[in-house]
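Inspection log for the structure reproduced underneath, given as structure tokens.
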Amino acid sequence: EHVFNYEVIDVAGNVGPKSESINFTVDTSAVVVSITGADDAAGTVTGPISAGGVTDDTKPTLHGKATAGGTVKVYEGSVLLGTAVADAKGDWSLTPDTALSEGKHSLTATVTTVANGESAHSGAFDFEIDLTAPSKPTITEVYDDVGVPQGALTQGESTDDTTPTLSGKAEKG
């Protein structure tokens, strides 16, 4: 921080009154901004969402690092999702006001400081919102491979195999 004022001294050595002070700050610190993760607080599976992760939370709380005291703006493409202020340690968090849609998302952040204005966009933080329940699985075969008889069982049939092999189909995931 700097405070300047001045006074004029004429050639005869007479000193005029001092001017009013002007205060300003020189800030040469590096501008920092990133989205380091997100947190899922909805549904049955909650907790951290890593980059490339999947969540069912349409309003995950994003967090990251930025220049201390800077205003962080989070974007999806050119759409502003919200703003937050970085604390003295440079930490920030933001929960979007509007729910994000199902599908893939790629978010970036900027930080605005008095000295530097709005920064370039951070690297992307990518994740996916999945709200669709998996389809119903099916059991296609129950196979008895112990004792006599052995083989595929039909509906309602009895077996002496306490660990029959089950085969079926289910959604990948």
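Miscellaneous remarks
- The listed residues Lys104, Lys59 rank as Lys104, Lys59 when sorted by accessible area, largest first, using a 1.4 Å probe.
- The candidates His2, His63, arranged from most to least accessible area with a 1.4 Å probe in the full protein assembly, appear as His2, His63.
- Over the stretch 93-173, the reciprocal of the mean inverse Cα-Cα separation, the Kirkwood hydrodynamic radius, stands at 18.5 Å.
- Contour excess over end-to-end distance, with Cα ends at Ala51 and Thr98 and 0.36 nm allotted per residue: 14.8 nm
- Overall size of the chain from C-alpha positions, given as principal axis extents largest first: 124, 28, 21 Å.
- Estimated at 0.36 nm per residue, the fully extended path between Tyr75 and Glu118 surpasses their Cα-Cα distance by 14.2 nm.
- Where Cα atoms sit under 14 Å apart: lysine pairs in the chain separated by 8 or more or lying on different chains: 5
- Range in the chain, longest, excluding exposed GluC sites (Glu not before Pro) [loop by DSSP; at most 13 other beta-carbon atoms within 10 Å]: 21-101
- FRET efficiency for Ala42 and Glu1, using Cβ-Cβ distance with R0 set to 30 Å, rounded to 0.05: 0.10
- Which of Ser78, Val114, Gly64, positive extreme of dipole for the stretch 37-116 (C-beta unit charges): Val114
- Binned Cα-Cα distance frequencies in the stretch 55-95 - 10 Å width, integer %: 31, 51, 17, 1
- Using bins of 10 Å that start at zero, the share of Cα-Cα pairs per bin across the stretch 9-109 amounts to 13, 36, 20, 9, 7, 7, 5, 3, 0, in whole %.
- Sorting Asp97, Asp145, Asp161 by accessible area puts them as Asp97, Asp145, Asp161; the probe is 1.4 Å, largest comes first, and only protein heavy atoms count.
The values are calculated or read from the model by the stated rules, or taken from the named source; none is laboratory data. Just so it is clear, the structure is predicted and the values come from calculations on it, not from any experiment. Ideal geometry is used to build each Cβ from the backbone, glycine not excepted, and the neighbour counts take in all protein chains shown. The protein model used for the area step is the full one, side chains on, heavy atoms only, and it has no ligands, DNA or RNA in it. Shrake-Rupley method; radii C 1.70, N 1.55, O 1.52, S 1.80 Å.
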